[in-house]
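All remarks here apply to the structure that follows.
The values are calculated or read from the model by the stated rules, or taken from the named source; none is laboratory data. Everything numeric here is computed off the predicted structure, so don't read it as measured data. Here the Cβ is made from the backbone with ideal geometry for all residues, glycine too, and neighbour counts use every protein chain on show. SASA here: full protein model, heavy atoms, side chains in, ligands and nucleic acids out. Shrake-Rupley method; radii C 1.70, N 1.55, O 1.52, S 1.80 Å.
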Amino acid sequence: MIEIPTLLEAHDIRSARLKTRVLFSGPEDGVPVIFIHGNLSAATWFEETMQRLPKTFRAIAPDLRGYGGADPFAVVDATRGTKDFSDDLAALMDELGIDAAHLIGHSLGGGVLWQFLADYPHKVLSLTQVSPASPYGFGCSMADGTPCYEDGAGSGASAINTKFANVLKEKDTEAKGDFAPRNILSNFAWKPPFSPDRMDAILKTVFAQHTGDKAFPGDVLASANWPGAAPGCYGSVNALAPNRQVNPLGFCDVEPLPPILWVHGADDAIVSDHSMLDLGTVGKMGFLPGWPGENIFPPQPMVTQTSDALDLYEEKGGSVERSVIKNCGHSAYLEKPREFDAIFHAFLQKHAIMTEAN
């Protein structure tokens, strides 16, 4: 397993479901804030953000199943959507003696937290979503969340470029060109020409991604639908396939409805209404042969879907704050830390005070 450099206190924690690496920052008696990372990453991405929290908070960040320092033999059952991650988080909180926490998710982590809120609303004090996956998953999705194809063809592992998957599988740290992880991150994970100060540590987390048919990218099934393949049953990427989301808006029907903060970069290339990682977008641009057209496989309107879902959340009585950060890509807390912290800290402190008052 690749050793990931860390700035923070790190422990291997074994819950009833999973052994994984967990990072900690802040006073042990502080109000808990749990950070859930995205795809091709690990808890490491949040370290500086954790350090910058107000001193009344205790920051906690686990590596998800299939990532970083998590048990390499623990697989994601994608037929459950993101429920494996949701149940893992609940078990970790139980192991740490945390009844409820403020939660923050990024990208895939945001997709996990839509599910967690639906499954364990009593464990959520507040929810901060940073460029989260749409509640309907990633790729192959109509505006109303209906999968373009029943089998989810063109999403999940079936949408992952095999050249990039092989670079990760072979741990080819010297790879050059379009599929080198450094270039993938620079073109998609943030807006060029930004580059994080700890780029080497971040690259370590990419190469610490667990790989294979039961990890990344996961297994693929043959399909009669374009582009000829569909997501299989294993791995986190398949867990976000639209045909695996059983009740995408279930988080709107819970009690209580904790406050939600939604933050995203105006120039996000990953989670957008025209994502460059969505085959609907790439097909429409003419880069993939055989695209069946916008009536059958449109670009997924991910941001619009999230906005509409949060409109419903508000209609049900929930509180939502929304912030778009200009000149920013997919990773606002890395790219624009001052702007992000001002929004995030104000939200946390307001709802920490309200929680104490109640």
Of the criteria (1) in contact (Cβ under 8 Å) with a residue 40 or more places away in the chain; (2) outside any loop (DSSP other than H, G, I, E, B), which one residue 24 fails: (1)
Tell me which of these residue 2 doesn't satisfy, since it passes every other one: (1) crowded, with 22+ Cβ neighbours inside 10 Å; (2) of a type in the set (A, V, I, L, M, F, W, C); (3) within 30 Å of residue 179 (Cα to Cα). (1)
Could you list, ordered by first residue, the pairs with Cβ atoms under 7 Å in which the first is in region 271-283 and outside any helix (DSSP H, G or I) and the second is polar (S, T, N, Q), at least 6 apart or interchain? 271/107; 271/131; 273/304; 274/281; 275/281; 275/300; 278/300
Please find, within region 178-208, the residue that is nearest to the chain's Cα centre (by Cα) out of those that are of a type in the set (Ser, Thr, Tyr) and more than 10 Å from residue 4 (Cα to Cα). 186
Scanning region 284-297 for residues that are touching a residue at least 60 places away in the same chain (Cβ under 8 Å) and touching a helix residue (DSSP H, G or I) at 6+ places or on another chain (Cβ under 7 Å), which turns out farthest from residue 309 (Cα to Cα)? 288
Collect the residues in region 312-332 that are open to solvent by less than 60 Å² (accessible area, probe 1.4 Å) and closer than 17 Å to residue 187 by Cα, keeping them in residue-number order. 328, 329, 330, 331, 332
For region 166-181, does any single residue satisfy the condition of being farther than 18 Å from residue 269 by Cα and touching a strand residue (DSSP E or B) at 6+ places or on another chain (Cβ under 7 Å)? yes
Return yes or no: is residue 230 in a helix (DSSP H, G or I), open to solvent by less than 10 Å² (accessible area, probe 1.4 Å) and of a type in the set (Gly, Ala, Ser)? no
Please go through region 311-333 and pick out each residue that is within 28 Å of residue 43 (Cβ to Cβ), touching a helix residue (DSSP H, G or I) at 6+ places or on another chain (Cβ under 9 Å) and not in a loop (DSSP other than H, G, I, E, B). 313, 320, 321, 322, 323, 325, 332, 333
Tell me which of these residue 309 doesn't satisfy, since it passes every other one: (1) more than 19 Å from residue 37 (Cβ to Cβ); (2) open to solvent by 20 Å² or more (accessible area, probe 1.4 Å); (3) under 18 Å from the mean Cα position of the chain (by Cα); (4) in contact (Cβ under 8 Å) with a residue 60 or more places away in the chain. (2)
Scanning region 169-183 residue by residue, those in contact (Cβ under 8 Å) with a residue 24 or more places away in the chain and either more than 24 Å from residue 240 (Cα to Cα) or out of contact with any Leu (no Cβ under 8 Å at 6 or more places or on another chain) (or both) turn out to be 169, 171, 173
What are the residues in region 27-52 that are part of a helix (DSSP H, G or I) and touching a Ser or Thr at 6+ places or on another chain (Cβ under 8 Å), if any? 44, 45, 47, 50, 51
May I ask you to verify whether residue 243 is over 25 Å from residue 45 (Cβ atoms), surrounded by fewer than 22 Cβ atoms within 10 Å (Cβ to Cβ) and touching an Asp or Glu at 6+ places or on another chain (Cβ under 7 Å)? no
Residue 259 vs. criteria touching a Ser or Thr at 6+ places or on another chain (Cβ under 6 Å), more than 17 Å from residue 136 (Cβ to Cβ) and either open to solvent by 10 Å² or more (accessible area, probe 1.4 Å) or among the basic types (Lys, Arg) (or both): yes
Mind listing whichever residues of region 147-186 are open to solvent by less than 50 Å² (accessible area, probe 1.4 Å) and assigned to a helix (DSSP H, G or I)? 156, 157, 158, 159, 164, 165, 167, 168, 181, 184, 185, 186
